Structures are given as structure tokens and as C-alpha cells.
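Single-structure report; data block below.
Please treat every number below as a calculation from the coordinates, not as lab data. Keep in mind that this is a model prediction, so the values were computed, not measured. Positions of Cβ are generated from backbone atoms using ideal geometry, with glycine treated the same way; all protein chains shown enter the neighbour counts.
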Amino acid sequence: MKIIKLLTLSMIICGLIFSFAFAADIEKGKALFNDPKAFGGQAKKSCGSCHPNGQGLEKSGDMKEWKNPAGTWMSLEDASNVCIVMALKGKAIDPKSQDMKNLVAYIKSLGKKK
């Protein structure tokens with residue numbers, strides 16, 4: 001019985017450690033948002049060049065679809081990648097990557113500012 005309790009506790013601890021290790025980091029997302037070199041862009045611009053301090057993105061975290069000059073997108077990740085490719089002349093990032101999670105976390109945090 002002790003072994004089962006010990007294994008269960010170990011699994012819970014490992015799960016918590018991994019969930020924190022892969023949690024989105026708003027500060028890292030903000031750094032990506034403001035770094036003109038983050039996505040290999042040729043335009044020498046960052047997301048913050050068009051959206052200083054996240055201006056215009058405050059409601060992005062609550063939306064169901066996103067519109068930009070290139071069209072309508074069903075996910076914030078897709079809309080962000082379109083901006084990275086078209087406006088920043090950079091390379092799209094994997095929608096499931098930690099960088100994308102961090103970027104999206106930062107964009108969503110903009111709606112929580114007062």
C-alpha cells in the first residue's frame with residue numbers, strides 16, 4: 001500500500017513540475033513581441049512596431065476569429081503567423097511551440113491591463 005501511495009505522489013509531483021516547465025511565460029512573449037530579430041524578419045520590425053505596447057490587440061484574447069489585411073483567421077496563432085510572415089517578413093513559428101504559447105499569453109494579457 002505504501003508503494004502505491006508513493007508512486008501516486010511521485011506522479012503528481014512530476015506532473016506539477018512538467019506543467020510549470022511548459023507553462024506560457026508572458027514576459028518571454030513580450031520579449032518576442034518586441035524583438036525585431038525574433039522571427040528572422042527582413043523588415044527589421046517587431047510586432048511592437050505596428051502595435052506599440054500592444055495597442056489594438058487588447059481584445060484579441062476574447063475573440064473567436066481574427067481579421068487582418070490578409071484575411072480572417074480562426075486562431076490567434078494563425079493570425080499571429082500571418083503578421084509574422086507578411087508584415088515582418090519573418091518565418092512562421094510552429095503554432096504548438098513554446099514561443100507561440102508565450103507570444104499568445106502576452107497578447108492575451110493585454111486585455112487584462114487597466
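Rounded to two decimals, what is Rg over Rh for the range 25-112 when you use alpha-carbon atoms and the Kirkwood radius?
Values: Rg = 11.5 Å, Rh = 12.6 Å.
With Rh from the inverse mean 1/r over Cα pairs, Rg/Rh is 0.91.
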Give the residue list of GluC sites (Glu not before Pro) in the range 16-85 that are DSSP loop and have at most 12 other beta-carbon atoms within 10 angstrom. Glu65
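Expected output is a single nm value to one decimal: the length gained when fully extending between Asp94 and Cys50, i.e. 0.36 nm times separation in residues minus the C-alpha distance. What is it? If you can, show how the numbers build up before the last one.
Working: separation 44, 0.36 × 44 = 15.84 nm, distance 2.20 nm.
Between Asp94 and Cys50, full extension yields 13.6 nm more.
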Expressed in nm², what is the orientationally averaged projection area of the convex hull enclosing the Cα positions of the range 63-111? 3.4
The range 25-112 - percent relative contact order, Cα under 8 Å, separation 6 or more: 42
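Listing Val85, Val104 from the residue with the fewest other Cβ atoms within 10 Å to the one with the most, what is the order? Please list the in-between numbers first.
Numbers: Val85 16, Val104 21.
Result, fewest neighbours first: Val85, Val104.
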